[in-house]
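The structure appears below as structure tokens.
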Amino acid sequence: MQFDIIEKGQYTVIQINEARFDAKLAPSFREELENIKGNIRDHLVLDLSHVRFMDSSGLGAVMGAYKMLRNTKISIVNPQKSILDLLKLTRMDKLILSHPTIESALAATA
């Protein structure tokens, strides 16, 4: 899995640098999240700018992050329309808010 982790004050940004967030990527995402969960700050921002496709496994991995990090706010930034539609269809958009940019996600909780 290709990703970058950026620490910004009380925020941890994980930028996923993959075109597909699917069954092939989801297990490694969960493993990486498990490895860094002790270092994640108050607000986790998942930057999906590069992700063009997400299936139910990717969605499950994001939901797993939500459950694993119960006391951490989680936001998604720059999801493609198909991913935003998937979040709305599954009503996950009520649990994990989407923002157009990292800056807007950070400003929403500032």
Please name all residue pairs, on different chains or six or more residues apart, with Cβ atoms under 9 Å, provided the first residue is in segment 21-33 and is within 14 Å of D47 (Cβ to Cβ) and the second residue is assigned to a strand (DSSP E or B) and open to solvent by 60 Å² or more (accessible area, probe 1.4 Å).
F21/F53
Residues (under 22 Å from L106 (Cβ atoms) and surrounded by fewer than 16 Cβ atoms within 10 Å (Cβ to Cβ)) located in segment 71-83:
N71, T72, Q80
Look through M92, M68 and report the one residue that is open to solvent by 60 Å² or more (accessible area, probe 1.4 Å), among the hydrophobic types (A, V, I, L, M, F, W, C) and modelled with pLDDT under 95.
M68
Taking segment 3-47 as the search range and keeping residues that are hydrophobic (A, V, I, L, M, F, W, C) and open to solvent by 30 Å² or more (accessible area, probe 1.4 Å), which one is farthest from M63 (Cα to Cα)?
I6
Can you spot a residue in segment 24-39 that is more than 16 Å from F3 (Cα to Cα), aromatic (F, W, Y) and either out of contact with any Asp or Glu (no Cβ under 6 Å at 6 or more places or on another chain) or modelled with pLDDT under 95 (or both)?
no
I'd like the full set of residues that are out of contact with any Phe, Trp or Tyr (no Cβ under 7 Å at 6 or more places or on another chain) and small (G, A, S), limited to segment 38-81.
G38, S49, S56, S57, G60, G64, A65, S75
Among the numbered criteria (1) within 13 Å of the chain's Cα centre (by Cα); (2) more than 27 Å from L89 (Cβ to Cβ), which one does K8 miss?
(1)
Within segment 1-28, residues being under 26 Å from A108 (Cα atoms) and touching a Gly at 6+ places or on another chain (Cβ under 8 Å) number 1
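The values are calculated or read from the model by the stated rules, or taken from the named source; none is laboratory data. Just so we're clear, the structure is a prediction, and the values are computed from it rather than from any experiment. In this analysis, Cβ positions are derived from the backbone assuming ideal geometry, glycine residues included, and neighbour counts consider all displayed protein chains. Just the protein is used for accessible areas: all its heavy atoms, side chains included, with ligands, DNA and RNA removed. Shrake-Rupley method; radii C 1.70, N 1.55, O 1.52, S 1.80 Å.
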